[in-house]
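> Attaching a single structure in structure tokens format; questions to follow.
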Amino acid sequence: MKKYIIPFLMFFTFISCTQWKVSSLNSTEYLNIKNGEEPGSVKIVSDDYALETLSFSLGIFNSNICIADNILKRVQILEPNGRLKIIIGNLKEIDPKKIRGVNFNFRVIGSFTMDSKDNLYVQNRFPQSDSVKKFTTGTDDQADETDFSPSYILVFNSEGELQYTLGQRGAPDMPFYHIESLDIDAKERLFVITHSFNTWSIHRFDNKKRDFSIDLGKIDFDEKDGNNIFKGKLESVRAYRNGEYLLLSVAYYHDLRLKYRKIFEFSIAKNAINRTVLNIPDPRNVLFNIIQDKLIYFWNMNNKEVRFMISNMEGNVVNNMQLNFSHSKNYYTRLISDNSGTIFSYHATNKGIKVMKWE
């Protein structure tokens with residue numbers, strides 16, 4: 001019998017910190033997306049117990065709900081009330097007189113993001129060939145199979161028209177391999193964060209031009225304490241909203257045991273680590289997101305309880321929050337947040353996807 005697939009956005013962890021009050025957040029339904037092929041729906045392939053394949057993803061940008069569907073090969077933009085704004089992708093059996101849509105032949109839709117003008121940035125990944133090997137990455141708590149098929153970034157305007165294509169050095173140039181995430185800074189510059197084996201590459205683009213690139217995997221994070229050497233492994237990267245700094249989460253191991261984590265600030269102008277933001281003696285803390293360059297969210301799932309620790313940029317804990325999930329079974333659950341710091345979750349069943357807002 002297959003197990004239910006419930007991989008959250010990050011790794012399942014949180015700090016046990018009894019000296020801080022824990023606030024409770026409850027959820028309300030934000031949007032319900034039906035399982036199906038009609039416009040505004042998402043195709044979910046499952047049996048009685050689990051997903052057959054994880055073929056969809058969802059993000060919230062400028063109050064727009066963006067849904068990528070790799071079964072129907074399309075990206076849809078919805079308003080919070082569920083009204084469909086536009087479909088980009090396969091328009092087969094869709095009446096263009098009734099539905100606003102732009103036909104496009106996606107291969108495999110990967111990461112995506114949106115800027116303040118509703119321009120959409122989509123990773124278009126070419127199907128993996130037999131010669132491309134797979135490998136397993138992850139932590140002690142979670143591993144995922146990742147392929148390294150080549151991909152490009154497609155940039156669409158708010159009308160769904162393709163503007164240009166980006167590769168590693170610009171438009172279009174050589175492809176990317178395994179994009180970890182896409183992000184937009186306050187100056188509308190695109191950050192492409194890629195990860196493979198021990199390499200973490202960061203590319204920043206100003207329209208079609210790449211104006212910054214670095215391989216963070218070349219930084220030596222190892223620390224020594226007496227006769228003990230703690231091996232530092234970069235495990236997560238987030239871009240500041242101002243686009244001038246990166247936040248690096250590094251896990252430290254003694255032999256194979258995870259001992260602690262550190263959060264560093266990396267200066268793009270200096271091309272070097274600027275400072276240590278936070279030392280985390282309990283290694284169960286995991287970086288979730290940066291909010292408006294003022295707060296850092298860390299999260300965990302502990303004994304079926306999902307909690308967030310919130311720190312300011314000086315490394316001081318300012319709040320803890322607990323999310324009171326229901327005990328209903330879902331095929332898939334994921335936590336996300338928008339730029340304002342509002343936390344959302346989306347839950348997939350055979351009926352569709354339910355988006356919840358946490359307050």
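> Any idea of Arg238's accessible area? Nearest 10 Å², probe 1.4 Å.
Around 40 Å² of this residue is reachable by solvent.
> Could you name the aspartates and glutamates whose alpha carbon sits less than 14 Å from that of Lys73, not counting residues in the same chain fewer than 8 places away?
Lys73 reaches Glu37, Glu38, Glu93.
> In whole percent, how big is the carbon plus sulfur part of the accessible area of the chain, probe 1.4 Å, protein atoms only?
Carbon-and-sulfur percentage of accessible area, whole number: 45.
> When the chain is modelled as a GNM with alpha-carbon springs shorter than 10 Å, which of Asp173, Asp115, Asp183 fluctuates the most?
Of the options given, Asp173 has the highest mean-square fluctuation.
> Whole number in Å², please: accessible area per residue of the chain, 1.4 Å probe, ligands, DNA and RNA not counted.
Values: 17760 Å² over 359 residues.
Here the per-residue accessible area is 49 Å².
> Can you return the aspartates and glutamates within cross-link range of Lys85? Criterion is Cα-Cα under 13 Å, with same-chain partners fewer than 8 residues away left out.
Straight-distance partners of Lys85: Asp118, Glu159.
> When we measure straight from the Cα of Lys304, which aspartates and glutamates land under 15 angstrom away, once same-chain ones fewer than 8 places off are left out?
Answer for Lys304, where 15 Å is the Cα cut-off: Asp141, listed by chain and number.
> Ranked from highest to lowest mean number of other Cβ atoms within 10 Å per residue, what is the order of the peptides 332-341, 315-324?
Values: 332-341: 17.7, 315-324: 14.8.
Packing order, densest peptide first, comes out as 332-341, 315-324.
The values are calculated or read from the model by the stated rules, or taken from the named source; none is laboratory data. Since the model is a prediction, treat every value here as computed from it, not as a measurement. Note: ideal-geometry Cβ built from the backbone for every residue, glycine included; neighbour counts use all protein chains shown. For accessibility, only protein heavy atoms count, side chains too; no ligands or nucleic acids. Shrake-Rupley method; radii C 1.70, N 1.55, O 1.52, S 1.80 Å.
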